[in-house]
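Report on one structure; see the data block that follows.
Derivation of every value follows stated rules applied to the coordinates shown; laboratory data play no part. As the structure is a prediction and not an experimental result, all values here were calculated from the model. Neighbour counts run over all protein chains shown; Cβ positions are idealised from the backbone, glycine included.
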Amino acid sequence: MDSSPLPHDHLQNRVLLKVAGLSVRLGGREILHSVDLTLRRGEIVTVIGPNGGGKTTLLRTVLGLIAPSAGHASITAGATVGFVPQRFPVDRVLPMTVARLMRLTARPDRAAVERALGETGTAHLLDTSIHALSGGEMQRVLVARALVREPDLLVLDEPAQAVDYAGEAAMYELIAAIRDRRGCGVLMVSHDLHVVMAATDRVLCVNGHVCCTGTPHEVSGNAEFRRLFGPKAGAFALYRHHHDHDHDLSGEPVDDAHHHHDHHHHDDGHRHA
Amino acid sequence: MLDDFLLRALAAGVGVALVAGPLGCFVVWRRMAYVGDTMAHASLLGIALGLALGLDLGLGVLLVTVTVALLLAALQGQRLVGTDTLLGILAHGALSIGLVAVAFMETVRLDLMAYLFGDILAVSTRDLLWIWGGGALVLAGLVAIWRPLLAATVDPDLAQAEGASPPWVRVAFALLIAAAIALAMKIVGVLLITALLIIPAAAARRSARSPEGMALGAAAIGVAAVLGGLALSFGADSPSGPSIVVAALTLFVGSLALPARG
């Protein structure tokens, strides 16, 4: 597996995921109707939408966990998938350290394990039992676990569910940094309008059908999007870190000397609020 | 003085414990204790079948446990009754049919107690070959599916999404349990097989840091339970199968005093 920081040029625009005319029926109800989506290397696509709108169903269909009733959702043959589930309830009766979890569906050497954990700021947890992790730690370990597979496509279901607001912003920054470093494609589901959109190339707003898609800026101006999410929908564009201190990935406040409130990769032309 | 029958009993018990420990870990992790029970109870029907058809009784049991394993795998998708209800129906239905069928076979002298509670002291050389040969195959099968089965046990969706656990692995595991039950029946009997699967595994949890460590620990604790149980049975003339389970239970209670390691 190529682990060089940037992919070769001819792979740069490689299509990783193609969803075409996808419809999904569950229990006689049509959950998704005529969904189209193409995701390429180096691209972050975020699926948002109201609860019950079919976001998670779309993700599960892409992953092959649900069969479509029409159309198809296919990951390019040979592409490696790394999946970060929303919840990860492992029974306490199953003993497992972080180190062992990293080898669950991959066979990395120790250096690769440490590198992946280091990327998410969890290298110090290597020999910790997964049952002793906090929600935020577990989430970052799960991202590292997906990364150790050297994925071409990283799929995350509500990756910031278990962390607080500041940790949430850090999580999406981490995901954007992973994409920058590895050039992988990222598909994620989020209910969080404001924080996630700043770290996204393309938004797919799903409410049974694709109600709109485009850059975060384009989507926020869409009439149907505004109707679904109300007047707050446009507020993401003004999002910056409003709190007076920053957090690094382990949740430790970072002092002013290392303050980095300028998130250039978030900048979409709007002035800071 | 060690007699041949005691050596055979030891060898048979150790053989079964080495298989039951690691396999039992998955039964515990996957919360399948009732599944083991169901196959075990149904195995009495296999005895009846074997007697009626003139088959080797071990083969009769294997036929029935494998059938039940496949039946359970096939029925898991249905939603009419809950899985626990379904298992109860299968377990007690098959056990009862077996008991009734055996009762009708007046021409056959069958020590029912030996099948219900095991008779390790009556193990023959032929039984030993079954246990060690079959046990080696079951263990080899478990090692072969270990990684995908563990991935699917930790998180079935994740394992499937990452292509790390094909669906047949679950069926293969059910078949391994079916085979292990057919092997263990002679040792602890139909009613106590599940105990040999789950008690050593549960006792190994406290001192284990990894799934593999717990599997090895369960095998070791199972062997210790067989040794302790046989000593008890031989010394106090207690029934061998229940004595082994009592020894395992003692080890489990003892393990609770250990500090948890993770």
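Being surrounded by 14 or more Cβ atoms within 10 Å (Cβ to Cβ) and without any contact (Cβ under 8 Å) to a residue 60 or more places away in the chain, is that true of even one residue in segment B:113-133?
No.
Considering B:102, B:19, B:28, B:66, which residue is β-branched (Val, Ile, Thr), surrounded by 14 or more Cβ atoms within 10 Å (Cβ to Cβ) and within 14 Å of chain A (Cβ to nearest Cβ)?
B:28
Of all residues in segment B:145-162 being within 11 Å of chain A (Cβ to nearest Cβ) and β-branched (Val, Ile, Thr), which is farthest from the chain's Cα centre (by Cα)?
Filtering segment B:145-162 for residues that are within 11 Å of chain A (Cβ to nearest Cβ) and β-branched (Val, Ile, Thr), the one farthest from the chain's Cα centre (by Cα) comes out as B:154.
Within segment B:243-262, track down each residue that is among the hydrophobic types (A, V, I, L, M, F, W, C), within 14 Å of chain A (Cβ to nearest Cβ) and farther than 14 Å from residue B:214 by Cα.
B:256, B:258
Can you list the strands (runs of 3 or more DSSP E) found entirely within segment A:139-220 that contain at least 3 residues being more than 14 Å from chain B (Cβ to nearest Cβ) and of a type in the set (A, V, I, L, M, F, W, C)?
A:202-207, A:209-214
Among the listed residues A:71, A:82, A:64, identify the single one that is in contact (Cβ under 8 Å) with a residue 40 or more places away in the chain and at positive phi.
A:71
Can you pull out every residue in segment A:99-124 that is part of a helix (DSSP H, G or I) and either in contact with a strand residue (DSSP E or B) (Cβ under 8 Å, 6 or more places away or on another chain) or away from every other protein chain (no Cβ under 12 Å) (or both)? Give the steps one after another, and end with the answer.
First pass over segment A:99-124, keeping only residues part of a helix (DSSP H, G or I): A:99-101, A:110-119, A:123-124.
Scanning segment A:99-124 gives A:110, A:111, A:112, A:113, A:114, A:115, A:116, A:117, A:118, A:119, A:123, A:124.
Among the residues of segment A:70-90, which ones are in a loop (DSSP other than H, G, I, E, B) and not hydrophobic (A, V, I, L, M, F, W, C)? Explain how you work it out, then say what you get.
So the first thing to find is which residues in segment A:70-90 are in a loop (DSSP other than H, G, I, E, B), and the list is A:76-80, A:85-90.
Matches in segment A:70-90: A:76, A:78, A:80, A:85, A:86, A:87, A:89.
For segment B:194-212, give me each residue that is among the hydrophobic types (A, V, I, L, M, F, W, C) and assigned to a helix (DSSP H, G or I).
Of the residues in segment B:194-212, the ones among the hydrophobic types (A, V, I, L, M, F, W, C) are B:195-199, B:201-204, B:208.
B:195, B:196, B:197, B:198, B:199, B:201, B:202, B:203, B:204 - these are the residues of segment B:194-212 that are among the hydrophobic types (A, V, I, L, M, F, W, C) and assigned to a helix (DSSP H, G or I).
Please enumerate the residues belonging to segment B:208-223 that are more than 9 Å from chain A (Cβ to nearest Cβ) and farther than 14 Å from residue B:242 by Cα.
Scanning segment B:208-223 gives B:215, B:216, B:217, B:218, B:219, B:220, B:221, B:223.
Which numbered condition in (1) touching a His at 6+ places or on another chain (Cβ under 8 Å); (2) surrounded by fewer than 18 Cβ atoms within 10 Å (Cβ to Cβ); (3) not in a loop (DSSP other than H, G, I, E, B) is the only one that residue A:131 fails?
For residue A:131, the failing item is (1).
Restricting to segment B:163-193, and then to whatever is of a type in the set (Val, Ile, Thr) and not in a loop (DSSP other than H, G, I, E, B), can you tell me which residue is farthest from the other protein chains (Cβ to nearest Cβ)?
B:187
State whether the residues of segment A:85-98 include one that is in contact with an Asp or Glu (Cβ under 6 Å, 6 or more places away or on another chain), of a type in the set (A, V, I, L, M, F, W, C) and at negative phi.
The answer is no, given that none of the residues of segment A:85-98 is in contact with an Asp or Glu (Cβ under 6 Å, 6 or more places away or on another chain), of a type in the set (A, V, I, L, M, F, W, C) and at negative phi.
Answer yes or no: is there a residue in segment B:11-22 that is over 15 Å from the mean Cα position of the chain (by Cα) and within 19 Å of residue B:139 (Cα to Cα).
yes
Identify, please: which residue in segment B:194-204 is touching a residue at least 60 places away in the same chain (Cβ under 8 Å) and farther than 13 Å from residue B:254 by Cβ and is, among those, nearest to the other protein chains (Cβ to nearest Cβ)?
By that ranking, first place goes to B:201.
Suppose the filter is within 12 Å of another protein chain (Cβ to nearest Cβ) and surrounded by fewer than 19 Cβ atoms within 10 Å (Cβ to Cβ); does residue A:86 pass it?
Criteria met by residue A:86.
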